[in-house]
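Every number here is computed from the coordinates shown, using simple stated rules; none is lab data. Owing to the predicted nature of the structure, the values given are computational and were not obtained by experimental measurement. Heads up, the Cβs are rebuilt from the backbone with ideal geometry, glycines too, and the neighbour counts pull from every protein chain shown.
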Amino acid sequence: MTCNYSELHWRDVLYNDVRKTDGGLQDAARFLTDRRGVSMHPEALRRKLRGLPGESVDVDLALMLSEWMQSKADVDYSHRWLQTINSQEGMHCDLVPSAPLGGWACEIGALKDKCLKLVMKLGKISGLTSEAAEDGEITEEEAGPLLALIRSARVILHRMERNILRAVAKGGGI
């Protein structure tokens with residue numbers, strides 16, 4: 001029997017992201033065993049991540065799994081579970097990538113570039129929202145991609161804020 005996992009529930013997001021990371025549950029369990037000094041079998045980890053009766057994931061374990069995912073090349077989703085649990089609780093957070101050391105050579109140019117990217121992203125959000133809401137309801141399958149776009153738009157806004165503050169600090173933008 002196939003289990004359905006949601007992009008709206010933090011444990012499902014964590015489970016999906018661990019499974020899609022290079023090495024999957026096997027490597028994650030090995031990492032946890034080495035990191036904690038306590039044996040963790042892949043099936044025990046699977047039960048915890050699925051939230052089966054009597055099984056749970058504590059914050060320390062989830063953070064270690066994020067650490068493991070971050071240790072893999074090209075993984076940018078290691079904290080999606082944390083975004084999801086925050087959203088479930090009415091709080092919102094975003095992982096904003098670091099700016100280049102000292103900022104951009106031209107903060108105004110960087111700001112304009114991000115503004116254009118934001119407008120393009122908003123167009124995609126508008127299109128997806130229209131499609132998803134056309135029948136008067138939004139399913140979990142429709143919500144996942146829409147939430148991802150909205151979160152990435154927020155990151156662009158955070159980065160724009162940083163450009164503006166650096167431009168002012170530099171005396172106008174250069």
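Towards the positive end of the charge dipole of the chain, with charges on Cβ (+1 Lys, Arg; -1 Asp, Glu), say which of 69, 171, 155 has the farthest Cα.
171
Taking the Cα centroid of region 69-92 and of region 105-140, what is the distance between the two, rounded to the nearest whole Å?
One Cα centre to the other: 20 Å.
For residue 39 and residue 132 in one chain, what is 0.36 nm times their gap in residues minus the Cα-Cα distance, to one decimal in nm? List each step's numbers first, then the result.
Details: separation 93, 0.36 × 93 = 33.48 nm, distance 4.45 nm.
Fully extending the segment from residue 39 to residue 132 adds 29.0 nm.
Given 0.36 nm per residue, what is the gain on full extension from residue 92 to residue 122 after removing their alpha carbon distance, in nm?
On the way: separation 30, 0.36 × 30 = 10.80 nm, distance 1.86 nm.
Taking 0.36 nm per residue and subtracting the Cα distance, the gain is 8.9 nm.
Averaging sequence separations of C-alpha pairs under 8 Å and six or more residues apart, then dividing by the length of region 11-122, give the relative contact order as a whole percent. Please list the in-between numbers first.
Values: 74 pairs, mean separation 25.1, N = 112.
Once normalised by length, the contact order is 22 percent.
How high is the relative contact order of region 107-169, in percent, with contacts defined as C-alpha pairs under 8 Å that are six or more residues apart? Each step should come with its number before you reach the end.
Details: 32 pairs, mean separation 37.3, N = 63.
59 percent.
Taking the Cα centre as origin and putting +1 on Lys and Arg beta-carbons and -1 on Asp and Glu beta-carbons, what dipole magnitude results for region 107-169, to the nearest 20 debye? Mind showing how you got there, number by number?
Values: 10 positive and 10 negative charges, 160 e Å.
Rounded to the nearest 20 debye, it is 760 debye.
Under 16 Å Cα to Cα from residue 170, which aspartates and glutamates show up? Leave out anything in the same chain fewer than 8 places away.
Filter leaves 107, 161.
Figure the gain on full extension for residue 158 and residue 113 (residue separation times 0.36 nm, minus the Cα-Cα span) and round it to one decimal in nm.
Working: separation 45, 0.36 × 45 = 16.20 nm, distance 1.37 nm.
The residue 158-residue 113 span can extend by a further 14.8 nm.
What dipole magnitude, in Debye to the nearest 20, does the chain give about its Cα centre under +1 on Lys/Arg Cβ and -1 on Asp/Glu Cβ? Spell out each step's value before the answer.
Working: 23 positive and 25 negative charges, 156 e Å.
The calculation lands at about 740 debye.
Divide by every residue of the chain the summed helix terms, -39500 (n - 2.57) for each DSSP H run of at least 4, and state the resulting mean residue ellipticity at 222 nm, rounded to the nearest 500 deg cm²/dmol. Before the final figure, lay out each step's value.
On the way: 7 runs with 111 residues, N = 174.
Value at 222 nm, helices only: -21000 deg cm²/dmol.
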